[in-house]
Structure formats: structure tokens, C-alpha cells
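Notes for the one structure printed next.
The values are calculated or read from the model by the stated rules, or taken from the named source; none is laboratory data. This structure is a prediction, so every number in the text was calculated from the model and none was measured. Cβ placement follows ideal geometry from the backbone for every residue including glycine, while neighbour counts extend to all protein chains displayed. Ligands, DNA and RNA are stripped out before the accessible areas are found, and what is left, the full protein with its side chains, is counted by its heavy atoms. Shrake-Rupley method; radii C 1.70, N 1.55, O 1.52, S 1.80 Å.
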Amino acid sequence: MKITDILRAEHSVFHNLFDHIEATAPQFKSLAEVKSVALSLTRSCPHSHTEDELFIDPLEHCFDQIGQKETFITNTR
Ligand SMILES: [Fe+2]
């Protein structure tokens with residue numbers, strides 16, 4: 001299995017997870033519940049780090065040329 005297949009499969013999981021969060025978030029009763037979900041998303045998967053290493057960093061020099069620098073490069077990195 002290729003790494004891109006794994007990343008694609010993880011995207012499918014994230015889409016379902018985000019749909020679930022979108023549906024259930026209006027019932028959250030506290031900020032702690034929101035923070036708990038956010039924390040579980042950020043700590044549960046090295047997905048973004050893997051994408052950065054394999055795709056974003058090697059292609060970073062091309063983003064400005066195609067007018068997409070702000071799309072791919074965020075202040076969170
Ligand atoms: Fe991704």
C-alpha cells in the first residue's frame with residue numbers, strides 16, 4: 001500500500017469525523033467539551049505532519065508560482 005493511499009483513507013475518516021462533530025457540536029454544554037474534541041483531533045493523528053513532510057515542504061517553492069501560497073502555508077507551521 002502506498003502512503004498516498006493511507007493519507008487518502010485518513011481523509012475519509014476525517015470527513016466522517018468532522019460530519020459527526022458538526023452534527024453534535026450544537027449540543028455541547030461547555031467550552032471544555034469543545035476543547036476536548038479539538039485536542040483529540042490535534043493529538044490523535046500525525047496526518048498533517050506526514051503531509052507536510054512528504055508534500056508541502058518539497059513543493060513549497062512552487063506554491064507562489066501558482067498563486068496558492070496562502071492556501072498551503074499557514075501560520076500554524
Ligand atoms: Fe490531509
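General remarks:
- Residue satisfying all of: in the range 38-61; under 11 Å from the mean Cα position of the chain (by Cα) and farther than 18 Å from H20 by Cβ; most open to solvent (accessible area, probe 1.4 Å) among these: H49
- The residue that is nearest to the ligand (Cβ to nearest atom), counting only those in the range 24-54 that are in contact (Cβ under 8 Å) with a residue 12 or more places away in the chain and among the charged types (D, E, K, R), is E51.
- So H15, is it open to solvent by 100 Å² or more (accessible area, probe 1.4 Å), out of contact with any Pro (no Cβ under 7 Å at 6 or more places or on another chain) and more than 16 Å from the ligand (Cβ to nearest atom): no
- Cβ pairs under 8 Å, 6+ apart, first in the range 3-23 and in contact (Cβ under 8 Å) with a residue 24 or more places away in the chain, second open to solvent by 60 Å² or more (accessible area, probe 1.4 Å) and within 11 Å of the ligand (Cβ to nearest atom): I3/L54
- Residue-level check: of (1) open to solvent by 90 Å² or more (accessible area, probe 1.4 Å); (2) more than 16 Å from the chain's Cα centre (by Cα), E33 misses just (1).
- Condition met for T71 (under 12 Å from the mean Cα position of the chain (by Cα), at pLDDT below 85 and within 15 Å of the ligand (Cβ to nearest atom)): no
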